[in-house]
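Worksheet: one structure, shown below.
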Amino acid sequence: MHGGNQTIISEFILLGLSNQAEQQKLIFVLFLCMYLVTVVGNGLIILAISVDVHLHTPMYLFLANLSFADISSISSLVPKMLMNIQMKSQSISYGNCITQMYFSIMSVVTENFLLGTMAYDRFVAICHPLNYTTIMRPRLCILLAVIPWVLSNGIALTHTLLLIRLLFCNTNTLPHFFCDLATLLKLSCSDTTINELVLFVVGLSVITFPFALILFSYVCIIKAVLKISSAEGKRKAFSTCGSHLTVVLLFYGTIVGVYFFPSSTHPEDTDKIGAVLITLVTPMMNPFIYTLRNKDMKGALTKLINRKSSSL
């Protein structure tokens, strides 16, 4: 297609993480393993929570949603990357690129909001234990689980609608392993002022509001726990939110470490490192964190595995 003396592109070229053949093979094996571990690990968590009635509580409802968001996040990126490496191709169509961007935004934003929701749940459980069942009633829990998905889809749709009005001319090479919104804006030959403004405002809000809720919740939790007289009581109280706090530190620590204190002199390398850590490493680590630090999850997974083994 031609517009004047400009060629409007219909596909993009993803440069990936490396263009060396030996490194490509290593990346393929590494990312395939990460993908399988993430899908299987988070899938087992969802299955265990579904079949074990003892886990039909608000905390595990939010955890099941977090696991599904993790599966969605990695599934929107890795399969296409693995297919391109296997087929020795770097192309992705315009439509597939926009779709990939939409689902990657939706998944990461959903996880961000769910971490805030889970912090509020722990706040109610520790600071208001006698009123927990009254406050965290089923209708509210379902609402708190649905809202992150609604908001994330609204945010992803907003960015997508603003992006599809832009033109991409002449250059179609993306120095990334997936269709990242910020990278696509740099590639556009249209005026991206509105897109960048929305990206900044919405992005800042998405990070700030859940993080503020998490910070407020844990300040209140720490104050409540310090009032407990026995050391055993303090340990039990902290143990109920240990897994969630670990995931929060991993998620936000990655964002701060990569984007606020970048060690690379090349911005594109920083973007790639940040994307790998947030969209691939964090979803892969979540199942280990929640199973290794949570006795209820360990018991549920053990029952599930034993049930499957006995049925074979």
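The values are calculated or read from the model by the stated rules, or taken from the named source; none is laboratory data. All figures in this text were calculated on a predicted structure; none of them were measured in a lab. Heads up, the Cβs are rebuilt from the backbone with ideal geometry, glycines too, and the neighbour counts pull from every protein chain shown. The accessibility values were calculated without ligands, DNA or RNA, using every heavy atom of the protein model including side chains. Shrake-Rupley method; radii C 1.70, N 1.55, O 1.52, S 1.80 Å.
Taking the chain, the Cys residues with no second Cys beta-carbon under 4.7 angstrom are 33, 127, 141, 220, 241.
Largest first, the extents of the alpha carbon coordinates of the range 80-130 on the three principal axes equal 59, 21, 10 Å. Go ahead and run the numbers for FRET between residue 26 and residue 281, Cβ-Cβ distance against an R0 of 25 Å, rounding to 0.05. E between residue 26 and residue 281, to the nearest 0.05, is 0.95. Taking every alpha-carbon pair under 8 Å whose residues sit at least 6 apart, the chain reaches a relative contact order of 27 percent. Every Cα-Cα pair in the chain was counted, and those over 37 Å apart are 23% of them.
Taking a ≥ b ≥ c as the square roots of the eigenvalues of the Cα gyration tensor, the range 1-112 is oblate, since a/c reaches 1.5 or more and a/b is not larger than b/c.
In the chain, the portion of solvent-accessible area held by carbon and sulfur atoms comes to 68 percent [1.4 Å probe, whole percent, DNA, RNA and ligands not counted]. Each of residue 229 and residue 33 was given a label point 7 Å from its Cα along the Cα-to-Cβ line. The distance between the two points is 5.2 nm. Under the membrane-span-like helix rule (DSSP H runs whose alpha carbons stretch at least 18 Å along the helix axis, mean Kyte-Doolittle hydropathy -0.5 or higher), the chain yields 21-51, 58-75, 94-127, 138-164, 193-226, 242-255.
If the segment from residue 137 to residue 255 were pulled out straight at 0.36 nm per residue, it would be longer than the present Cα-Cα gap by 39.2 nm.
Solvent exposure of the range 97-235, expressed per residue, is 49 Å² of accessible area, with all protein chains present and a 1.4 angstrom probe. Positive contributions from Lys and Arg (+1) and negative ones from Asp and Glu (-1), summed over other residues with Cβ under 13 Å from the Cβ of residue 228, come out at +4.
Remark: relative contact order (the range 41-123) = 39 percent; criterion is Cα-Cα distance under 8 angstrom and separation of 6 or more residues. For residue 186 and residue 207, a Förster radius of 22 Å and the Cβ-Cβ distance give a FRET efficiency of 0.60, rounded to the nearest 0.05. Cα gyration tensor of the range 58-177, axes a ≥ b ≥ c as square roots of the eigenvalues: rounded (a/c below 1.5), prolate (a/b > b/c) or oblate? Verdict is prolate for the range 58-177.
The residues packed around residue 105, meaning those with a beta-carbon under 13 Å from its beta-carbon, carry a net charge of -2 if Lys and Arg are +1 and Asp and Glu are -1.
Ordering 150, 23, 291 by Cα displacement along the dipole of the chain toward the positive end leaves 291 in first place; charges were set at the Cβ atoms of Lys, Arg (+1) and Asp, Glu (-1).
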